[in-house]
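Take a look at the structure below.
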Amino acid sequence: FQPLAPALVPWFGSTGALVADLLPGGPADLAGLLPGDVVLQVGDAAVPDMPAALSRLRQLAPGSTTTLHLVRDRKPLTLALTPAPAVRFH
């Protein structure tokens, strides 16, 4: 995520967290996010900026399902998100 530049707020109609790039096969990619998406809400919690989006996503319990509310191509979109358990390396 990157912060949404103040100059872009009128374009998207809201504050939020901009998806700048994705790791192929990573959590954001598997959730269906695309570069250029602006995440506005995680579940029922608004994400006014990048730190809030990351904090909210980190609070999700593995296996629970929530929604991501975002803007893609200036259109609202809702995606279902189910975090996978963290991989632990020994």
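See the values below:
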| item | result |
| --- | --- |
| Heavy-atom accessible area order for 44, 37, largest first, 1.4 Å probe | 44, 37 |
| Pairwise label distance in nanometres, residue 21 with residue 80, each label 7 Å out on the Cα-Cβ vector | 3.2 nm |
| Highest-first arrangement of 46-52, 58-64, where packing means the average Cβ count within 10 Å | 46-52, 58-64 |
| Karplus-derived HN-Hα couplings along segment 62-72 (A = 6.51, B = -1.76, C = 1.60, θ = phi - 60°), whole Hz, x at Gly and Pro | x, x, 7, 10, 9, 10, 10, 9, 9, 10, 10 |
| Projected label distance in nm at residue 46 and residue 73, using a 7 Å step from Cα toward the beta-carbon | 2.7 nm |
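The values are calculated or read from the model by the stated rules, or taken from the named source; none is laboratory data. If you're wondering where the values come from, they're calculated on a predicted model, not measured in any experiment. Virtual Cβ from ideal backbone geometry, glycine too; neighbours counted across all protein chains shown. Heads up: the accessible areas ignore ligands, DNA and RNA and are worked out on the full protein's heavy atoms, side chains in. Shrake-Rupley method; radii C 1.70, N 1.55, O 1.52, S 1.80 Å.
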